[in-house]
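Scroll down for the structure; my scribbles are underneath it.
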Amino acid sequence: MLLTLIPFVLNLALFALTIGIVVTGLIFRYTTKFQTITWSIASLLMPLSCVFYPLRSLPSFLRPMAWILPTTQSFEGMRQAIESGGFSTSHFNWGLAMNLIYFIVAVVLFQRLFESARSRGLLVKME
């Protein structure tokens, strides 16, 4: 069963990297004032990620928001692997596709935030 969980864990790691890129860009742009808010991101994502309960237990108005998170796809896929012993290709593929889209958006956003911080003189010059 461990082998069926590894791809989902890798999907979670890719999403963590994506969130890290966005947070780093926001800290560059808005300095350490934004750093306090970044610690709450995991707490905000956890209820929608269905870490401890299945997606179907969420209220119907929250399900679309949870469905677009790669973390929800990973945890639902892991839950299915544990319950049935099979690998859920649909959860993995959806999670990976969303991760790739979010990663590209995160890199573009980081570039813009970094350039904005650089043009405003928020970065220390090292020569």
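Nothing in this text is a laboratory measurement; each read-out follows from the coordinates by a stated rule. If you're wondering where the values come from, they're calculated on a predicted model, not measured in any experiment. Reconstructed Cβ throughout: ideal geometry from the backbone, glycine too, with neighbour counts over all protein chains shown.
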Looking at THR18, is it of a type in the set (Val, Ile, Thr), under 30 Å from LEU122 (Cβ atoms) and part of a helix (DSSP H, G or I)?
-> yes
Looking at (1) out of contact with any Phe, Trp or Tyr (no Cβ under 9 Å at 6 or more places or on another chain); (2) on the phi < 0 side of the Ramachandran plot; (3) among the small types (Gly, Ala, Ser); (4) free of Cβ contacts under 8 Å to residues at least 60 places away in the same chain, which is the one condition that is false for ALA106?
-> (4)
Could you look through the range 56-90, keep only residues that are crowded, with 18+ Cβ neighbours inside 10 Å and farther than 18 Å from THR4 by Cα, and pick out the one that is farthest from the chain's Cα centre (by Cα)?
-> LEU58
Out of curiosity, is GLY25 of a type in the set (Gly, Ala, Ser) and surrounded by 15 or more Cβ atoms within 10 Å (Cβ to Cβ)?
-> yes
How many residues are aromatic (Phe, Trp, Tyr) and without any contact (Cβ under 8 Å) to a residue 12 or more places away in the chain if we restrict to the range 1-44?
-> 3
Do we find that ARG56 is part of a helix (DSSP H, G or I), free of Cβ contacts under 8 Å to residues at least 60 places away in the same chain and not small (Gly, Ala, Ser) in this structure?
-> yes
